[in-house]
Amino acid sequence: MSTTQTSEKSVTYAIDGVHSHVEFSVRHLMISKVRGRFGTFEGTIETAPGSDLPQNVNVTIDASSVDTREPQRDAHLASADFLDVEQYPQLTFVSTHTEGTPDDFRVHGKLTLHGTTRDVVLHGEFEGRGADPWGGQRIGYTAKTTISRKEFGLVWNQALETGGVAVGDEIKIELNVEAVQKQ
C-alpha cells in the first residue's frame, strides 16, 4: 500500500507537544552515547478517513530548544559549531510519500537541518487511537531514523589523544508522537 498525497477528505491531527517527544542520540568519546531532545515543536499528521496510516506529515522544530541536560553542551550545540540557531532557527520535516501498513510504515520526506535539506525515511508504527477526557480524538505513532550529521554540514569535531573523535557522525532519531484531531 502506498500513498502519495492527501485528498480533501483527509483527517488532520495536530501534534501535542506536551505528550510527544523528539529525541536523539549520538556517540560521545567513542565509548558512550549522549541523549538529547528538542522541547519545542509543532506539526500536523494527515490520514485518510478510517485509516491509521499517515499520509502527510509536516513538523517544525525550534532548534534553540535542544536539551541534553547539560547547559554548557546545549549552548555548544546551539552555536555555529553545530546547529547555528542564530542563522538556522528551525529544523523541518515535510513528507513526500508514505508506504506500508499502519503496523510497519515508512514516511519518506525532506529533512532540513542547519540549512541543508536531505531525503530521509522514518520507519514507524501506529500505537493507537482513542478519545481523550476533553472530547477530542487522539492518535499515536512511534518512528525512528538515522542520519549522518556530516551530510547536513555539522562537521565540527575534536580528535582524541587515544584515537577517534569526540562526537560520532551517526545521529539516531526517535519520535513518540501523540496528536489530537483538528476540528
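Rule-based calculations on the coordinates, nothing more; no lab input. A quick note: this is a predicted structure, and the numbers were derived from the prediction, not measured. Neighbour counts run over all protein chains shown; Cβ positions are idealised from the backbone, glycine included.
Between Ile45, His97, Gly135, the Cα set farthest toward the positive side of the dipole of the chain (charges on each charged residue's Cβ, about the Cα centre) is that of His97.
Think of each Lys and Arg Cβ as +1 and each Asp and Glu Cβ as -1; about the Cα centre, that makes the dipole of the chain roughly 140 debye. When Kirkwood radius over Cα pairs in Å is computed from the coordinates, the matching label among (i) 18.9; (ii) 18.2; (iii) 17.3 is (iii).
With the simple spin-label model, which puts each label point 7 Å out from Cα in the Cβ direction, the Gln72 to Thr162 separation comes to 1.9 nm. Cross-link partners for Lys144 among the lysines, with Cα-Cα distance under 23 Å and sequence neighbours closer than 8 places in the same chain left out: Lys33, Lys110, Lys172.
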